[in-house]
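Just below is one structure, and these are the notes that go with it.
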Amino acid sequence: IVKWHASEVCCLAMSRTGAFVLSGGMDRQVRVWERTKDIVFLNEERERELEEVFDKVDGSRREENTADVLLKAGKDGEDDLDAEEEGNEKPQSEAAVKQSILSVSSGDRIMEAIETADKESKEIASFKKLSDEKGGDSRRAPNPMMFGMDPSAYVLWVLRSVKSADLEQSLLVLPLNHVERLMHYLILLLRAGKGIELCAKIAVFLIKAHQAQIVANRTMMTPLRVLQTLVRLRTTEIRDTVGFNLAAMRAIARLANENKSKRIDYEEKNMKDIWAGLGLGSDFGKKK
């Protein structure tokens, strides 16, 4: 989606001289893009656009979403016969545009976390090998860029920072090599028993989304079997724990209901037995 189009761009055409480009979108608009002599840095422009989107989404929660725009377009259509054409010109995919940009930025953060974790894992392995050869101290200073966490824990922290609504779209942005590395970290996390629910959810979604590529790539078959075994094992443990806790809560509720219907005996001897030995004044006058 181009900035000045209100909907998706479906066609592009370049002039013979390359002086301008024509673009047509689903908003029924054709725009002319002329080439200038200004120097454009794509990374800076992309960061600036993402910052504008974040500021717009975080700073103002009263923006109209897609449903509001469609509702207004429907009301205008009841009042005027020409409102249908005007409604088509309105930006009906603004929420979808925001969602896609946020998903791409979340996917970039996941890829960056995987690359940082891979680099840290290589440095840890080389440091351990060097310390074993020289016989020095094997303790290595934690990486401040990873907040002192190990590589798998750092990847889990980044995955948890992604909103659940944007998680699946963010995972679709990942290329196949990053998917393979992410499955490796999921295996490490499941072995350690960390983030079991999130890891199982991500593993199932990745396998569904990249089933054809995973089947064609034989190198991923062994990690896939290990991941399958770990997901079944950890989810079974969680299910047993939840079932045990539910059974305990039912037993406590049953005992509470049974004791609630019993009568309390207010006889004097029982009252003496209750208050005796508590130092509340009932046993001060007794002879020792």
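The values are calculated or read from the model by the stated rules, or taken from the named source; none is laboratory data. Keep in mind that this is a model prediction, so the values were computed, not measured. Please note: Cβ atoms are built from the backbone with ideal geometry, for glycine as well, and neighbour counts cover all protein chains shown. We work out accessible area using only protein heavy atoms, side chains counted, and drop any ligands, DNA or RNA first. Shrake-Rupley method; radii C 1.70, N 1.55, O 1.52, S 1.80 Å.
In this structure, does Lys208 turn out to be among the charged types (D, E, K, R), under 14 Å from Leu159 (Cα atoms) and surrounded by fewer than 16 Cβ atoms within 10 Å (Cβ to Cβ)? For Lys208, the condition - among the charged types (D, E, K, R), under 14 Å from Leu159 (Cα atoms) and surrounded by fewer than 16 Cβ atoms within 10 Å (Cβ to Cβ) - is not met. If the condition is being touching a helix residue (DSSP H, G or I) at 6+ places or on another chain (Cβ under 6 Å) and either on the phi > 0 side of the Ramachandran plot or in contact (Cβ under 8 Å) with a residue 40 or more places away in the chain (or both), then region 210-221 contributes only Met220. Number of residues in region 2-14 that are free of Cβ contacts under 8 Å to residues at least 24 places away in the same chain and open to solvent by less than 20 Å² (accessible area, probe 1.4 Å): the value is 0. Checked against the criterion of being open to solvent by 10 Å² or more (accessible area, probe 1.4 Å), under 20 Å from Ile124 (Cα atoms) and of a type in the set (A, V, I, L, M), region 167-188 has at least one qualifying residue.
Tallying residues that are open to solvent by less than 50 Å² (accessible area, probe 1.4 Å) and not aromatic (Phe, Trp, Tyr) within region 149-166 yields 9. Taking residues in region 222-251 that are closer than 20 Å to Leu198 by Cβ, and partners anywhere that are assigned to a helix (DSSP H, G or I) and at pLDDT below 90, the pairs with Cβ atoms closer than 7 Å and at least 6 places apart or on different chains are Leu224/Ile214. For region 238-245, the count of residues that are within 25 Å of Leu172 (Cα to Cα) and surrounded by 13 or more Cβ atoms within 10 Å (Cβ to Cβ) is zero. The numbered conditions (1) of a type outside the set (Gly, Ala, Ser); (2) without any contact (Cβ under 8 Å) to a residue 12 or more places away in the chain; (3) on the phi < 0 side of the Ramachandran plot are all true for Asp166 except (2).
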